[in-house]
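For reference, the structure is listed below as structure tokens.
Values quoted throughout were computed directly from the atomic coordinates according to the rules given, and no laboratory measurement underlies them. This structure is a prediction, so every number in the text was calculated from the model and none was measured. Glycine also receives a Cβ, built like all others from the backbone with ideal geometry; neighbour counts cover every protein chain displayed.
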Amino acid sequence: VSAAGPIRRLLSQVSEVPTQAEAQRGLREVLGDPTLELLWVGPGGVYVDTDGRSVALDDQPTGRAVTPITHEQRAVGALIHDPSLLDEPALDEVAAVIGLAIEKDQINAQLREQRDLLSAIGDGTPALLCLTFADGRILPDGTNRALRDLVGAAREELAGHLFWDMLVVETDRAEVERVIGSVAAGEPQPERVSRWRSTTGAISVAWTCAPLLEIESTPIFLISGVDVSDLERQAQELRDSRSRIVLAADNERRRLERNLHDGAQQRLVSLSLSLRRAEKNVVAAPDQAVEVLRAASEELVEAIADLRELARGLHPAILTDRGLRPALAALAERAPLPVTVEGDVPERLPAPVEAAAYFVAAEALTNAARHAHATRAVIEVELARGRLTIAVADDGVGGAAADKGTGLRGLSDRVEAIAGSLAVTSDGLGTRVTASMPAEARPAAAR
Ligand SMILES: Nc1ncnc2c1ncn2[C@@H]1O[C@H](COP(=O)(O)OP(=O)(O)OP(=O)(O)O)[C@@H](O)[C@H]1O
Ligand SMILES: [Mg+2]
């Protein structure tokens with residue numbers, strides 16, 4: 001009786017490769033030997049039984065026979081059985097079939113390992129990855145963890161659906177469908193930015209689509225994207241702050257023009273008229289001329305004072321001439337409330353740093369005087385690890401916010417323009433404006 005037919009059937013019935021235990025059970029049954037043991041060669045070339053224990057082939061008790069199982073001249077397993085089976089004509093064939101099964105199992109295990117490795121790599125990357133067919137449908141295993149987390153969906157919920165329906169916000173769907181269609185038609189497409197869906201709404205993603213490989217002559221495409229929302233936000237902030245700086249400069253020029261027009265210019269015009277009057281009178285009515293000249297001289301003093309005042313508002317001469325420490329001391333002196341300056345400021349710092357620190361102190365003190373009802377304020381300065389930090393704190397009513405006026409907003413633009421940052425904390429205990437910016441002290445001669 002040949003057992004090979006039933007064995008083959010046994011193996012073909014089990015659609016997957018049988019486990020070692022399943023195969024052993026089947027063999028015991030068909031070969032009629034309940035003591036039969038099927039050993040597989042495990043990793044490292046040792047024979048293992050169905051419980052995973054390693055077995056030494058040449059260490060078998062008498063009364064047991066060993067039939068090696070080979071596949072393409074490689075030992076892949078062994079049968080330990082009753083010696084009477086050695087007469088069974090089908091034993092070799094059985095061994096060959098089992099050898100095939102074991103080989104297939106080993107290949108499957110390797111494939112599983114490779115697949116696990118690939119999907120671990122896919123799941124480990126922060127990039128958004130998706131595999132699709134040419135028509136845009138997502139492969140059963142075609143999404144990585146970052147992508148699933150983005151939309152809060154399980155693998156199965158995405159598989160089989162159109163990529164753009166599942167991942168892209170409605171307004172961008174047609175465009176994304178068109179791009180993927182072009183790539184599928186063999187026209188490479190450059191990277192572009194689209195709005196993708198996310199559990200929190202939508203994000204901007206820079207993405208590409210490219211043919212990856214063919215599985216059984218079906219082309220597969222890889223869509224890979226990176227979240228660029230933060231970058232876009234920063235770029236927008238930069239554009240906003242640039243236009244605010246331009247606007248502030250324009251406003252400042254207009255203010256100067258008005259101040260000059262209303263102040264020094266008026267005085268100089270009337271001075272010129274007075275001088276002409278004096279010129280006419282100087283012979284005929286010298287007394288009157290003297291009177292006019294005296295008034296004109298007073299007017300001139302006023303005009304000079306106006307110009308000086310204007311110049312001080314532009315850029316304090318004391319800052320340029322003597323540096324931050326004396327300039328802060330002068331600010332504290334001039335403030336309508338008691339102000340102390342704490343901390344040590346190095347001799348000289350780069351001019352933009354000195355200017356930024358000075359204007360932070362000036363605006364914060366002006367605010368403290370105008371809005372805070374504070375009894376006192378303190379300026380703290382520190383240069384440490386290449387950064388200058390200046391903080392102005394008052395003990396007033398609080399309530400400062402950068403979006404309520406242009407003063408604080410302008411400070412933060414000014415500080416950010418030199419790669420620094422401005423922070424405002426303000427509550428019932430008072431207000432604290434802190435600016436921190438990169439600064440290398442440098443000798444006065446180098447300026
Ligand atoms: N030290 C402070 N204490 C209490 N409130 C403050 C303080 N500093 C600012 N504020 C509040 O925050 C707002 C915004 O201040 P900000 O300096 O930006 O504008 P402003 O002083 O009103 O006008 P300006 O553009 O002339 O500076 C102020 O209007 C005020 O209500
Ligand atoms: Mg202000």
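Tell me whether the stretch 20-91 comes out rounded, prolate or oblate; compute the Cα gyration tensor, take square roots of the eigenvalues as a ≥ b ≥ c, and use a/c under 1.5 as the rounded threshold. Walk me through the intermediate numbers first.
Details: a/c = 1.41, a/b = 1.39, b/c = 1.02.
In terms of gyration-tensor shape, rounded.
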The simple spin-label model distance between ASP82 and VAL151, using points 7 Å out along Cα→Cβ, in nm, is 6.1 nm
Please arrange THR218, THR67 by how many other C-beta atoms lie within 10 Å of their C-beta, fewest to most. THR218, THR67
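Not counting the cut sites, what is the longest span of the chain without GluC sites (Glu not before Pro) that DSSP labels loop and that have at most 14 other Cβ atoms within 10 Å?
Here the longest run is 217-346.
Rounded to the nearest 20 debye, what is the charge dipole size of the stretch 292-359 about its Cα centre when +1 sits on each Lys and Arg Cβ and -1 on each Asp and Glu Cβ? Display every interim value, and only then the final one.
On the way: 7 positive and 11 negative charges, 16 e Å.
Using only the charged Cβ atoms, the result is roughly 80 debye.
Would you mind estimating how fast the stretch 256-312 diffuses translationally, via Stokes-Einstein at 4 °C and 1.567 mPa s with the Kirkwood radius over Cα pairs, in µm²/s? Could you put the intermediate results ahead of the total?
Numbers: Rh = 11.8 Å.
Once the numbers are plugged in, D ends up at 109 µm²/s.
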Starting from the coordinates of the alpha-carbon atoms of the chain, obtain the Kirkwood hydrodynamic radius over all distinct pairs and give the value in Å to one decimal. 31.4 Å
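In terms of the Cα gyration tensor, with a ≥ b ≥ c the square roots of its eigenvalues, is the stretch 289-447 rounded because a/c is under 1.5, prolate because a/b exceeds b/c, or oblate?
Working: a/c = 2.25, a/b = 1.43, b/c = 1.57.
Note, shape of the stretch 289-447 comes out oblate.
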Given the C-alpha centroids of the stretch 55-117 and the stretch 304-372, what is the distance between them in whole angstrom? 90 Å
Between GLU93 and GLU237, with labels modelled 7 Å along Cα→Cβ, what's the label distance in nm to one decimal, could you check? 7.8 nm
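Please state, to two decimals, what the Cα-based radius of gyration of the stretch 247-353 comes to when divided by 2.2 N^0.38 Å (N = residues). List each step's numbers first, then the result.
Details: Rg = 20.6 Å, N = 107, 2.2 N^0.38 = 13.0 Å.
Working it through for the stretch 247-353, the quotient is 1.58.
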Can you compute the helix-only [θ] at 222 nm over the chain? Use -39500 (n - 2.57) per DSSP H run of at least 4 residues, normalise by all residues, nearest 500 deg cm²/dmol. -15500 deg cm²/dmol
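So if we plug the beta-carbon distance of GLU347 and VAL169 into 1/(1 + (r/R0)^6) with R0 = 56 Å, what FRET efficiency do we get, rounded to 0.05?
Numbers: r = 56 Å, r/R0 = 1.01.
Here the calculated transfer efficiency is 0.50.
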Can you list residues from other chains, or at least 5 along the same chain, whose modelled amide H is less than 5 Å from the amide H of ASN144? LEU129
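Which helices of the chain meet both criteria: a Cα extent of 20 Å or more along the helical axis and a mean Kyte-Doolittle score no lower than -1.0, with helices taken as whole DSSP H segments?
91-124, 170-184, 266-284, 286-314, 351-367
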